[in-house]
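Have a look at the structure below, then the notes.
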């Protein structure tokens, strides 16, 4: 194994490979930071470039894009309250309030360092424990996925909104929206109104951009105040630097992020979107001052961002160990692996030519480049806030349109984005929150299709949902969380 | 310096050549992939992209237009101008959509330029499971408990093939649709289903790692890529189908454009430049052009529509 790592190191420590990784990371950072552009697109763009390259170099470049985009989604989340990717939704909870206090530089500094630690820790876990974790992920059948999504729904309701009831309502709204489109089991169209674009359901990206970006632009436009320009310039650039010690000080939040990312991340299809929420929820529950979460509290940012990059390492586990990608970005990455002639599977880890170790090390190097580029860029990013509000709002809207149209060139999605923008504006105004809607939209199909798939596989018998141990565990935890949250809300309303 | 000169000469040659031929192409060409990035269709064309660009001398812009199991992107392709600057990365999905009656177009609305690669459909079981071959699956399925067969989404070509397998073997299959091939594979690895029916390239790493075992495949004869997997034919079932991928254009595309593409692809095939990549992707280069291609497409469309049966609208 040590000789494997030495061989791998030799493959990584070559000028061409290092440049390729750095280039991939830079592209990933740019695309992750622009709302509407995703890491999957960055990897797909780079894919043809990697053909002529040796495996570690090509895969290293793709991993760089994955890692860069995973970290940079937090930039617009913190600065503008607009998550660049679905997994940075939870970054807005504390990142934006901190930025509003004039400490955007501090929030960015925390998120960069937390992302780095999350990424490195997950790679260590991946290199040591990938095969057993992958085996565990295989035990997830329909019942387990269903219970996991119910657990996710309860977490959404408890973290996202100020009121449990309103959070649940917003989450169910997302659940409802997710039923639009082709029925996952019978193939019948539901609420599609003969609209071709609705056949695959509500596209996640227009909904995300609408609910977060367009609604935020609307809010800012309605509340536009010419004197606010002065306020923007109060942002202190001098505090914008990476925050190593401060991040380590919040080690509980960091651990919560790394563990949730590494444990929930490997579950294909479900992990990515909820790992950061689970991390946020855990960090808050084990915090001595849970009330401060949501007001610009540092551990909130640390937990989410470390989870965000830890889950990438987590998602690589089933991709490398089983050849099963968890979501879009790792699916494209798998294509890259196969083109290179690398067959994912357990024997990849027994391989003695060092390629797999080269891949691990390349991911570590990608994390280092991510840290470096983000640290160099932090003072540039923060200048976004110096742009006068008027011009900023207009350019955000332009990026939203380009990003959403760029996905598939379908104008219908632009209307969808605007519709969700208006919906998001009112949801925020009446304190329902927009995060539960998007998470409902993500978890809805997982819950529905697995409930029905399970019932079909168990021939109409619903008891396996309660008798299978993993499934039962999730349901019990979900119930406990719900009870605890209700009790907490009850106590908060009746101060002693 | 020498290298730079070489590059320049090559570039000049590449730019000059098409001008002599038929002036095509003079600008970048849009290639519609009717699925999201990372799928079989997408990887197929992205791997071919640099080779095609070199021969055609123009950029190929890959546009992923997912939705409706390929319906959205294909509809877009059909309604594009037939000038050779909008083409489609085509596959079985077109014929399945047609068979299901979900779309307004048929395969007659396209000019097929080339079939480039193909792969078989494979039915595979968990290597540690209780079913070891097609025979035990079929006989096991006739008792009260049907055999759970995973496949990709309802109406996908793999799903329709799974139905065709159920029809032809007469076995009691409980077909469970998953959103995509990888979800179905992980269900088979975790013993949540008894078998899966999927394209060979999707199953490639699972088969190669020995987690899953192929028990039958849909070629007429055994293939070098999966030498241990017997065909349906040799096990007594008359089922021959292939997953194919190629290039199509909207109906009425000029003959000269088609020739240009056929030449480019023939050249790539002759040089063997795509062989290794195709093999790595779990497919085989099996080119087909002109009338033979049209016959092949017509035949596949018939088989698909027969298998879709009562699923169709």
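Worth a mention:
- Residue order for A:61, B:100, fewest other beta carbons within 10 angstrom first, comes to B:100, A:61.
- Placing R0 at 25 angstrom, the Cβ-Cβ distance between residue B:191 and residue A:461 gives a FRET efficiency of 0.90 after rounding to 0.05.
- C-alpha long axis of helix B:290-308 to longest principal axis of chain B, angle in °: 30 degrees
- Fraction of beta bridges assigned by DSSP in the protein assembly as shown that are antiparallel (%, nearest 5): 60 percent
- With a Förster radius of 41 Å applied to the C-beta separation of residue B:59 and residue A:470, the computed FRET efficiency comes to 0.25.
- Per-peptide average of other Cβ atoms within 10 Å, ordering A:316-326, A:149-159 highest first: A:316-326, A:149-159
- Inverse of mean 1/r across different Cα pairs in the stretch A:2-493, Kirkwood, Å: 22.6 Å
- Distance between modelled label sites at residue B:28 and residue A:246, nm, 7 Å Cα→Cβ extension: 4.2 nm
- Label point distance in nm, residue B:172-residue A:376, each placed 7 Å from Cα along Cα→Cβ: 6.7 nm
- Considering the stretch B:157-313, its Cα convex hull presents a mean projected area of 11.1 nm².
- The mean count of C-beta atoms from other chains within 10 Å of the C-beta of residues in B:99-108, rounded to a whole number, is 1.
- The tail of the calculated P(r) for chain B beyond 36 Å holds 21 percent of all Cα-Cα pairs.
- Under the shape rule built on the C-alpha gyration tensor, where the axes satisfy a ≥ b ≥ c, the stretch B:119-235 is rounded, since a/c falls short of 1.5.
- Helix B:255-271 and the longest principal axis of the C-alpha atoms of chain B enclose an angle of approximately 70°.
- Share antiparallel - DSSP beta bridges, chain B, percent rounded to 5: 60 percent
- Tail beyond 20 Å, pair distance distribution of the stretch A:259-364 (Cα, percent): 46 percent
- Cα centroids of the stretch B:224-286 and the stretch B:143-211: 23 Å apart.
- For A:64-76, mean number of other protein chain Cβ atoms within 10 Å: 0
- Where labels lie 7 Å past Cα in the beta-carbon direction, separation of residue A:398 and residue A:194 in nm: 3.9 nm
- Residue mean of other protein chain beta carbons inside 10 Å, A:133-140: 3
- For the stretch A:88-192: rounded, prolate or oblate by the Cα gyration tensor [a/c cutoff 1.5]: oblate
- Estimated 222 nm signal from helices in chain A, with DSSP H stretches of n ≥ 4 weighted -39500 (n - 2.57), rounded to 500: -23000 deg cm²/dmol
- When the helices of chain B are scored as -39500 (n - 2.57) per DSSP H run of n ≥ 4 and the total is divided over every residue, the value at 222 nm lands at -13500 deg cm²/dmol.
Coordinate-derived values only; no laboratory data. In this text, all values refer to a predicted model and were calculated from it rather than measured experimentally. Positions of Cβ are generated from backbone atoms using ideal geometry, with glycine treated the same way; all protein chains shown enter the neighbour counts.
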